[in-house]
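Here the structure is laid out as structure tokens; the discussion comes afterwards.
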There are 2 protein chains.
Amino acid sequence: GKPTTPAATAEFSRENLESVLKRRFFYAPAFELYGGVSGLYDYGPPGCSFQANVIDIWRKHFVLEEDMLEVDTTMLTPYEVLKTSGHVDKFSDWMCKDPKSGEIFRADHLVEEVLEARLKGDKEARGVKTEDVEEEDADKKKRKKKVKEIKAVKLEDNVVAEYESVLAQIDGYSGEQLGELMVKYDIKNPATNDPLEPPRAFNLMFETAIGPSGQLKGYLRPETAQGQFLNFNKLYDFNNLKMPFASAAIGKSFRNEISPRAGLLRVREFLMAEIEHFVDPENKKHERFDEVKDIKLTFLPKEVQQSGSTQVTVTTVGEAVSSGLVDNETLGYFLARIYLFLTKIGVDPTRLRFRQHMANEMAHYAADCWDAELQTSYGWIECVGCADRSAYDLTVHSNKTKQKLVVKEKLAEPQVVSQYEIELEKKKFGPKFRKDAPVVEKFLMELSQEELIKYEAELSAAGAIKFTIPELATGEIELDSSFIKIALQTKTVHVREYTPNVIEPSFGIGRIIYSIFEHSFYSRPEAVERGVLSFPPIVAPTKVLLVPLSNNEELQPIVKTISRVLRKEQIPFKVDDSGASIGKRYARNDELGTPFGVTIDFESVKDGSVTLRERDSTKQVRGAVEDVIKAIKEITYEGISWEEGTKNLQPFETKVEDDE
Amino acid sequence: GKPTTPAATAEFSRENLESVLKRRFFYAPAFELYGGVSGLYDYGPPGCSFQANVIDIWRKHFVLEEDMLEVDTTMLTPYEVLKTSGHVDKFSDWMCKDPKSGEIFRADHLVEEVLEARLKGDKEARGVKTEDVEEEDADKKKRKKKVKEIKAVKLEDNVVAEYESVLAQIDGYSGEQLGELMVKYDIKNPATNDPLEPPRAFNLMFETAIGPSGQLKGYLRPETAQGQFLNFNKLYDFNNLKMPFASAAIGKSFRNEISPRAGLLRVREFLMAEIEHFVDPENKKHERFDEVKDIKLTFLPKEVQQSGSTQVTVTTVGEAVSSGLVDNETLGYFLARIYLFLTKIGVDPTRLRFRQHMANEMAHYAADCWDAELQTSYGWIECVGCADRSAYDLTVHSNKTKQKLVVKEKLAEPQVVSQYEIELEKKKFGPKFRKDAPVVEKFLMELSQEELIKYEAELSAAGAIKFTIPELATGEIELDSSFIKIALQTKTVHVREYTPNVIEPSFGIGRIIYSIFEHSFYSRPEAVERGVLSFPPIVAPTKVLLVPLSNNEELQPIVKTISRVLRKEQIPFKVDDSGASIGKRYARNDELGTPFGVTIDFESVKDGSVTLRERDSTKQVRGAVEDVIKAIKEITYEGISWEEGTKNLQPFETKVEDDE
């Protein structure tokens, strides 16, 4: 990997990194030819290959290793499903329109940047030097540009305190509260000072119409999770009715961001990999917890954040679970597995922390949530969410569709349970309700325990109950105890029926990839303009660059032979037989993050030996083609170290690195 | 694979296949809990894994093997792009609405099924026995259900001839023509006989709005191709300006079908894998053509179809190209590579043909097109299109955006070329056109050779030319030869500039997968109710089933040991330690298409030997665990035959197959 001593690398420059990523077509704004569409990016060949490798490792690390049930469900999703899941009502941000210019602002971002600008102006007025402090949020840096000039205006001390308190709670305000803040602090369009309309909710889902009549409203899914929940019964069945088990899905999801910025970190179409681990709410132990309990993680608990601090705790997963910092073994197991995955693909473990959500920032479905955050030049970025969605989703879908989504567990010993039951005097229903009788009966039979308890009391007290049944034209009916009886019944049950809870590790692949780009990027002090992407070999887009020393025809046959072997071994490689100097060719390749270079020279023609160069150390060794390829294979796919993998090859000294 | 002698397998039954696919959750209608949405399907674990394997092989067979530049571009696509590509105007089907019921019909399908029903009725009336003839089109069988009763009504001989002629040309009618046919033949809603509205175009793209203002209209892409074309310059640059080269993309595309049927064969959201091979229009030779020239393919040329026949020609690709049947080497090369890919993943080569498109069915962008069609119980299904899109797409995008999408080739020798050039008397433009002068100048400088030739003649003849310039308020201007001169100029050029042509192999992954399901499915004559899916090991969702003979605890350690080895070797496997009989467990597994079974018995505990069973032959061999795993690995991933792979293992006789 990347050299670790400070002296070995020049200071990180986002500008340099972005220039490399663009020049080597890792990704680019989509539709650039047409002026681009913000929040949409295309991956070019190295980015696409990097992404495919990440997905391949993810699938092996999670799906294969843990025997998960992977599904591929549709992105088009009908209205009813997302209405039930809560996304139609709650999956939105607050936006404010400038009625004059038509410009639209995201309300929370606007309040934040205006108050921050004023605080900065206050500091300037007070003569306090404002440094470019590290950003905590991905979007701030770019967003700040909206507030063009910082005016040096001193604020009252109590105003400063108020602003700071507002900023600390910025993620927790409702639309109405944001509107009040805008009035109170006179927040307008920062560019023109024109007044804005009050915030209104903007749903972040892309809407479309399915079918030719246009009557079936649908959305592009905002997450892959719903498709997994809806298939719960089929998956449980496929798993031979065994619990716990996990499903998994890899696929694109969509969010119609109000004003996306920050490159790959906030986009409108993105690749997710999500796991839904279905577990008994009364037993969240994990069979393989022992395998990970000694792994040390960095935690940022909610209490610490609520006290205004970001002081982390480093401890083992075993400790975190036994102390109650992490709620249960299953959650702890996944945090450790997420850690192992991220570090395997190139995340710097010192720039990874697990931050617990505070109550006011939790998604509408979540009971608890830990984010794996990666530190980048944009601040700490949420890259993997690990939420306990409790029984929320299965319950709402089951209630809506009147279909059970439950686990039936045979009890080791029968249990005696008491519960309220309703009994209908069926022969009286037909004469009274005629064709509506089945609807009334169905409604009564589906009453929950909670409802039965309430109605039992009402029936005892008043002798009759009024029911509201929306399916009926009359709407409301009244029944007395000659129609229904409600009583506590005791019976022996052999099966326990429960709605499983869901632990959901959810990976934003694009954000992870961008963070790895930053964690991997460095410049050699002797050549700052040359970037190097020090990807672990397993995720590198190309594993080997073949570099014939010159264009001489004599070298062609051996290049072809090595190409054939690499292709057969399915090791991705490129040939660079351009006329450029060896040094230039390696520099170009450093930018693509290719871990190995194989140089073919005139010696190779004679004795079949070639030189193998390692990207980060620029160390070189020499040996027979088959031994060099064996070393590449072992280091790349079997996790062997460079020293171990090349111990039978000969050290080789050369000056090609300086050859420019 | 599947036994080939007719006696060895029972007759194919689609009903049985569908029952297996559903029971084993290969796929299922999406949102079934909510009643389903037609044309949307979810893949369950075995279907998803099968799909991932197909994609993995595709990527190795095409992208890696041929050094293609894979990209991942967005599905959301702005209106302008698809307007330019022609999809907004031409990517539609014709639909007719029944104003009374609101029901919507696809016009060509309706005409077809009504006329077919009448012809069938005529045959019945004439006493001709109508057999269930093999269907040529994927949708017909189910669509026919709309025409509920076939009335035995005799038709005039000339009417029969007319109907048959209409049916032969059904794919070529415009909406207006379909409307005329409906009037002429009195075609109404078959269920109610109510009149229908005339056909109108229904665009098959899903529409949505990008961003909060709702003003940026977008679509879900109907193909991945446009994203590749728009990145042409970046890809050409990434390829170090070398030609020819290919880009590739794997991803979902969308079609809002009017009334989707036929399961996975006609869906609204589907996975595509597309290649855009950019090639010099004057040189469509292919470097690796020699490697495939002796492969024999089955061709159905357009002339044969136009003569009303479906007689195929079997010949080598080399022959087909040299005789002109297939236009060029690149096209021929890809047809052969498509053949190799399809047969590798389980397509029956005797049920694969390459059908050339007739002129009237070609997509709006295509110059020539061959479909790889697979025979299924729904008829011959287009699964891979291989179109020559000529320079169509690059040209239209370049014209629209005024950005060059061309290749610049350094000429071996400078060439002297003559071309018309326009010269402006610039100092006269300012005074005459004032602020419009730059617009007028730009317009004139961008005139094409064809336009210059025409205007040169006009200018010579009339001394002045009228130009229509939409960007101007006045719209039209007139210029005489004091403003412009147009003349033939001769100059020496060192670079040839051209717009590459595109050869596009485009794979419908879902259709291929469904066809392989049919090609792989059989029932053993001794147990017809038991289905077997004889997938090649390389694509099978699970490679090995571990079957401990009983639940006895003694067998657990060896099951765990083998599991650990298989996991380390990344060979997907399942353990079936249910109490069911060995025979039942294997039967269940046959339905999942798992090629190998490994039985662990009490002998295994003693000497570490296990039994390996092959799915199709049900042959069994016995040996040490490591030798058995080695055999599985070689047969699955290295294409070794069963006989070769197991030659060092001992034949083993047992009666477990009958053990039910």
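Here are the numbers for the structure shown:
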item: Residue in segment B:553-563 that is nearest to B:K630 (Cα to Cα), counting only those that are more than 14 Å from every other protein chain (Cβ to nearest Cβ) and surrounded by 17 or more Cβ atoms within 10 Å (Cβ to Cβ); result: B:I562
item: Single residue of A:V502, A:V495, A:V439, A:V417 found to be modelled with pLDDT under 90, in a strand (DSSP E or B), within 45 Å of the chain's Cα centre (by Cα) and among the aliphatic types (A, V, I, L, M); result: A:V417
item: Sole exception among (1) buried (at least 19 other Cβ atoms within 10 Å of the Cβ); (2) more than 14 Å from chain B (Cβ to nearest Cβ); (3) in contact (Cβ under 8 Å) with a residue 24 or more places away in the chain for A:A320, by number; result: (3)
item: Tabulated pairs, segment B:424-449, first in contact (Cβ under 8 Å) with a residue 40 or more places away in the chain and over 12 Å from B:F467 (Cβ atoms), second of a type in the set (S, T, Y) and not in a helix (DSSP H, G or I), C-beta under 9 angstrom, 6+ apart or interchain; result: B:E425/B:S482; B:K428/B:S482
item: Lone unmet requirement of (1) surrounded by 13 or more Cβ atoms within 10 Å (Cβ to Cβ); (2) hydroxyl-bearing (S, T, Y); (3) free of Cβ contacts under 8 Å to residues at least 24 places away in the same chain for A:T468; result: (1)
item: Test for B:F334: is it assigned by TED's automatic domain parsing to the domain that holds B:L220, in a helix (DSSP H, G or I), of a type outside the set (S, T, Y) and touching a Pro at 6+ places or on another chain (Cβ under 6 Å); result: yes
item: Test result for B:E478, part of a strand (DSSP E or B), outside the structural domain of B:E276 (by TED's automatic domain parsing) and charged (D, E, K, R); result: yes
item: Filter result for A:R24 (buried (at least 17 other Cβ atoms within 10 Å of the Cβ), closer than 22 Å to A:Y378 by Cβ, in contact with a strand residue (DSSP E or B) (Cβ under 7 Å, 6 or more places away or on another chain) and facing chain B (nearest Cβ under 9 Å)); result: no
item: Residue ID - nearest to A:E18 (Cα to Cα), chosen from residues in segment A:564-598 that are modelled with pLDDT under 95 and polar (S, T, N, Q); result: A:N589
item: Top-ranked residue of segment B:53-85 - restricted to ones that are more than 7 Å from chain A (Cβ to nearest Cβ) and over 30 Å from A:L33 (Cβ atoms), ranked as surrounded by the most Cβ atoms within 10 Å (Cβ to Cβ); result: B:V54
item: Segment A:30-39, subset crowded, with 23+ Cβ neighbours inside 10 Å and over 20 Å from B:F238 (Cα atoms), residue farthest from the other protein chains (Cβ to nearest Cβ); result: A:G39
item: Residue list for segment B:42-52, restricted to those being buried (at least 23 other Cβ atoms within 10 Å of the Cβ), touching a helix residue (DSSP H, G or I) at 6+ places or on another chain (Cβ under 9 Å) and within 9 Å of another protein chain (Cβ to nearest Cβ); result: B:D42, B:Y43, B:G44, B:P45, B:P46, B:G47, B:S49
item: Qualifying helices (runs of 4 or more DSSP H) (wholly inside segment B:68-136; at least 1 residues being in contact with a helix residue (DSSP H, G or I) (Cβ under 9 Å, 6 or more places away or on another chain), within 30 Å of B:F238 (Cβ to Cβ) and modelled with pLDDT of 90 or more); result: B:79-85, B:87-90
item: Subset of segment A:564-593 [of a type outside the set (D, E, K, R), under 21 Å from A:G645 (Cα atoms) and within 14 Å of chain B (Cβ to nearest Cβ)]; result: A:V565, A:L566, A:Q570, A:I571, A:P572, A:F573
item: Residue check for A:A462: farther than 30 Å from A:F229 by Cβ, among the small types (G, A, S) and either more than 41 Å from the chain's Cα centre (by Cα) or away from chain B (no Cβ under 14 Å) (or both); result: yes
item: Close pairs (9 angstrom Cβ cut-off, 6 or more residues apart or separate chains): free of Cβ contacts under 8 Å to residues at least 12 places away in the same chain in segment B:622-650, among the acidic types (D, E) and surrounded by 15 or more Cβ atoms within 10 Å (Cβ to Cβ) anywhere; result: B:I640/B:E634; B:E644/B:E634
item: Qualifying positions in segment A:356-377 - in a strand (DSSP E or B) and of a type in the set (A, V, I, L, M, F, W, C); result: A:C369, A:W370, A:A372, A:L374
item: Entirely in segment B:205-301, the strands (runs of 3 or more DSSP E) that have 3 or more residues that are buried (at least 17 other Cβ atoms within 10 Å of the Cβ) and either more than 9 Å from chain A (Cβ to nearest Cβ) or among the polar types (S, T, N, Q) (or both); result: B:245-254, B:269-279, B:296-300
item: Long-range neighbours under 7 Å by Cβ, at least six apart or interchain, first residue closer than 14 Å to B:R585 by Cβ and not assigned by TED's automatic domain parsing to the domain that holds B:G597 within segment B:548-569, second of a type outside the set (D, E, K, R) and exposed (fewer than 13 other Cβ atoms within 10 Å of the Cβ); result: none
item: Tally, over segment B:455-494, of residues that are touching a Lys or Arg at 6+ places or on another chain (Cβ under 9 Å) and aromatic (F, W, Y); result: 1
item: Residues being modelled with pLDDT under 50 and either part of a helix (DSSP H, G or I) or not charged (D, E, K, R) (or both) - total across segment B:137-176; result: 7
item: Residue check, A:F535 at pLDDT 95 or above and within 20 Å of A:K584 (Cβ to Cβ); result: no
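The values are calculated or read from the model by the stated rules, or taken from the named source; none is laboratory data. Since the model is a prediction, treat every value here as computed from it, not as a measurement. So basically every Cβ, Gly included, is an ideal-geometry build from the backbone, and we count neighbours across all protein chains shown.
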